[in-house]
1. Using only C-alpha atoms and all pairs of different ones, pull out the Kirkwood radius for the range 76-207 in Å with one decimal.
2. For Thr217, list long-range residues whose amide hydrogen, built 1.01 Å from N in the peptide plane, is under 5 Å from its own amide hydrogen.
3. Among rounded, prolate and oblate, which fits the range 368-410 when a ≥ b ≥ c are the square roots of the eigenvalues of its C-alpha gyration tensor, a/c under 1.5 means rounded, and a/b larger than b/c means prolate?
4. Less than 15 Å apart at the alpha-carbon level, and either on another chain or at least 8 residues along: which aspartates and glutamates does that give for Lys122?
5. How many Å³ per residue does the convex hull of the Cα positions in the range 48-148 occupy?
6. Could you state the principal axis extents of the C-alpha atoms in the range 14-65, from the largest down, to the nearest angstrom?
7. Taking the chain as a Gaussian network, Cα atoms linked when under 10 Å apart, which of Trp344, Trp153, Trp17 shows the biggest mean-square fluctuation?
8. Taking θ as phi - 60°, what are the ³J(HN,Hα) couplings along the range 285-294 by the Karplus curve (6.51, -1.76, 1.60), each to the nearest whole Hz, with x for Gly and Pro?
Amino acid sequence: MTFTSKTTANSGHAPSWYAASARDKRVRPRLEGQVEADVCIIGAGFTGVSAALELAERGYSVVVVEADRIGFGASGRNGGQIVNGYSRDLQTIAGRYGQDKAAKLGAMSLEGGRIIRDRVKKYGIDCDLVDGGFFAAFTEKQVREMEAHRAHWQKHGHDGLEMVSKAEVGNYVRSGRYVGGMIDRLGGHIHPLNLVLGQAAAVESLSGRIFENSRVTSVEKGAKPLVRTERGAVRAQYVLVCGNAYLGTLLPEIGGRMMPVSSQVMATEPIDPQLIRRLLPANYCVEDANYILDYYRRTADDRLLYGGGIGYGGQDPKDLTAIIRPNMLRTFPELAKVKIDYAWSGNFALTLTRIPHMGRLSDNVYFSHGDSGHGVTTTHLLGKILGEAVAGHAERFDIWSSLPNLPFPGGKRFRVPFTMIGAWWYGLRDRLGL
Ligand SMILES: Cc1cc2nc3c(=O)[nH]c(=O)nc-3n(C[C@H](O)[C@H](O)[C@H](O)COP(=O)(O)OP(=O)(O)OC[C@H]3O[C@@H](n4cnc5c(N)ncnc54)[C@H](O)[C@@H]3O)c2cc1C
């Protein structure tokens with residue numbers, strides 16, 4: 001039986017392979033009545049929990065309020081790929097915002113992966129961490145683009161990238177689809193739900209409090225903001241808004257600056273260990289270079305976890321497997337008889353610039369969102385930077401918040417069709433190999 005899920009459900013984790021293999025199944029209490037804290041954090045995904053851990057380590061009292069469960073959103077459903085950098089490459093960032101900003105963002109771009117590895121080690125988080133990622137190219141043009149990225153990245157101190165010739169592709173993935181690629185030795189993969197649950201437990205070990213099933217219904221700004229949930233409230237010195245694509249209408253002033261976009265993932269049944277090791281010999285995660293890309297990897301129990309697809313506006317396709325399975329079979333025809341055990345969907349937040357958006361809603365209410373599908377490392381970095389800003393070290397926060405963020409053209413009504421037209425055009429270019 002395949003378990004499928006919708007992104008909008010508000011009743012516990014999506015029925016994913018991650019939820020089935022979560023190591024910590026404790027349900028945290030609902031917030032009842034009013035509590036006080038130095039910092040109230042809205043949303044227990046990577047961003048919120050990363051900020052909470054940074055602050056708890058610095059000695060702040062933190063309360064995290066989560067509408068559903070820890071890792072309910074994209075953080076507990078994603079491909080688990082540790083991809084360094086941002087959703088736009090550093091050349092584009094330099095072209096748009098200047099060399100100085102690119103250098104500053106470049107200097108931070110490997111930090112998210114380091115934060116993950118440091119915390120996994122420090123708190124003994126069991127989340128199946130494996131090193132190494134492979135970017136797969138379908139065309140010579142994509143190979144040339146990767147080579148340009150590699151050269152540019154090297155200038156920013158990233159020496160973990162290495163080009164892979166067509167003859168060497170089989171060392172990483174046995175599929176006839178690719179003409180070459182690039183490896184990132186500083187990439188890797190994790191069980192994302194166990195990573196966020198492990199960090200949440202670390203927050204609690206430092207006296208942080210996390211409330212689940214506690215949707216925030218309003219934020220009253222002021223000298224000591226009041227965050228109200230359905231049955232309680234938090235009075236705090238600072239509020240960090242980390243609801244990302246699931247924030248809904250809570251704070252329309254930032255909601256309109258990002259668009260929820262869904263992506264779909266499925267997990268096969270456990271595959272004969274010899275076969276899965278033959279298909280992915282190095283156990284690197286793989287993402288291809290198309291605009292609407294496929295991403296996949298082995299799991300610790302020898303399943304293939306395969307993602308792709310896209311739903312602008314956060315729409316879920318009716319039959320998730322029917323979208324993803326044909327892509328998997330194009331990559332690995334030998335899996336035709338393998339069953340699909342789980343299929344699920346999740347929403348990430350897209351910004352028009354494809355660059356995360358951070359800022360202040362008032363002197364003491366800060367937000368971060370919009371990792372644009374490339375958030376496992378970035379959210380860890382930006383959560384830490386939110387924590388630093390609260391602690392009075394806002395230099396890095398100010399770099400991010402100075403980047404212009406534009407609303408989607410077409411307003412609420414037409415932003416989805418306009419974006420779809422753009423994506424269709426880029427998808428067509430990929431299909432034509434242009
Ligand atoms: C299917 C999928 C695959 C992906 N694969 C990858 C990948 O392999 N590599 C990669 O780098 N990135 C990937 N991403 C992107 C990455 O997962 C996200 O960028 C990242 O997890 C976002 O984390 P977050 O904490 O900002 O948001 P989320 O994890 O979505 O957390 C937001 C939380 O806020 C809560 N919330 C919202 N509103 C309220 C409220 N009013 N009150 C209380 N709580 C609230 C939500 O319930 C949710 O738990 C993927 C995304 C998806 C959807």
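1. Result for the range 76-207 stands at 16.3 Å.
2. Amide H neighbours of Thr217, under 5 Å, 5+ apart: Arg228, Thr229, Glu230.
3. oblate
4. Glu54, Glu57, Glu204
5. Per residue, the Cα convex hull of the range 48-148 comes to 164 Å³.
6. That gives 36, 26, 15 Å along the principal axes, largest extent first.
7. The residue that fluctuates most here is Trp153.
8. 7, 10, 9, 8, 9, 6, 5, 9, 9, 9
Taken together, the values in this text are just the output of simple stated rules run on the coordinates, not laboratory data. Bear in mind the structure is a predicted one, so any value in this text is a computation, not a measurement. Note that we place each Cβ from the backbone using ideal geometry, even for glycine, and neighbour counts take in every protein chain shown.
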